[in-house]
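The values are calculated or read from the model by the stated rules, or taken from the named source; none is laboratory data. Every value quoted in this text rests on a predicted model; they were computed, and no experiment measured them. Reconstructed Cβ throughout: ideal geometry from the backbone, glycine too, with neighbour counts over all protein chains shown. Note: areas computed on protein heavy atoms with side chains; ligands, DNA, RNA excluded. Shrake-Rupley method; radii C 1.70, N 1.55, O 1.52, S 1.80 Å.
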Amino acid sequence: MNRMHALVPLTMQEEEVKELLTLLGLEYVVHTTFQFRNRLIVPDFFLPRHDVVIECWRSESRRGIALAWAERNALYINLKFQRLKQVRPGVRCLGLAEFPQVDMESLRQVVGEVLPDADFMTYSMEEFGSVVRGL
């Protein structure tokens with residue numbers, strides 16, 4: 001199943017994350033799988049040497065639609081983070097949510113309220129880069 005997930009094409013945002021991780025010389029696995037009960041959890045990236053999973057999402061939609069989608073997706077990602085922490089104690093979870101049509105304060109509030117299991121939460125590639133460099 002791992003090979004199959006590895007064949008899933010990357011989004012433009014995931015390509016940018018991949019380029020940054022490569023530039024920084026970090027070892028990573030794209031769309032690896034973790035077994036949770038009878039399901040698979042597939043994070044966007046896994047950094048095995050740092051025991052960090054990365055989930056990223058982006059929307060160019062207008063503010064209201066983008067905020068609603070950011071909240072729904074953050075709830076789903078938080079569930080993934082919770083389950084990953086159950087099957088892999090000690091794993092750290094990093095999120096990257098980019099929503100250029102939404103003011104940063106609103107985005108931080110909406111996503112932050114429903115994503116408590118993220119150990120690191122970033123809202124731009126610049127923030128993401130700073131966190132990853134500090135691992």
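Before moving on, here are some points about what is shown:
- Label zone at SER124, where the point sits 7 Å out along the Cα-to-Cβ direction: the range 66-109 residues whose backbone N lies under 19 Å: 67, 95-109
- The shape of the range 74-135 comes out oblate: with a ≥ b ≥ c from the C-alpha gyration tensor, a/c is at least 1.5 while a/b does not beat b/c.
- The relative contact order of the chain, computed from alpha carbon pairs under 8 Å that lie at least 6 residues apart in sequence, is 22 percent.
- Using the 1.4 Å probe convention, the accessible area of the range 1-82 works out to 58 Å² per residue with neighbouring protein chains retained.
- On Cα atoms only, tilt of 63-87 relative to the major axis of the chain in degrees: 30 degrees
- The candidate values were (i) 1.02; (ii) 0.94; (iii) 0.92; the one computed from these coordinates for Rg/Rh (Cα atoms, Kirkwood Rh) carries the label (ii).
- Kirkwood-Stokes translational diffusion coefficient of the range 16-58, alpha-carbon pairs, 25 °C, 0.890 mPa s, µm²/s: 222 µm²/s
- On the chain, 52 percent of the accessible area sits on carbon and sulfur atoms, based on a 1.4 Å probe.
- Radius of gyration over Kirkwood radius for the range 48-101, both on Cα atoms: the Rg/Rh ratio is 1.07.
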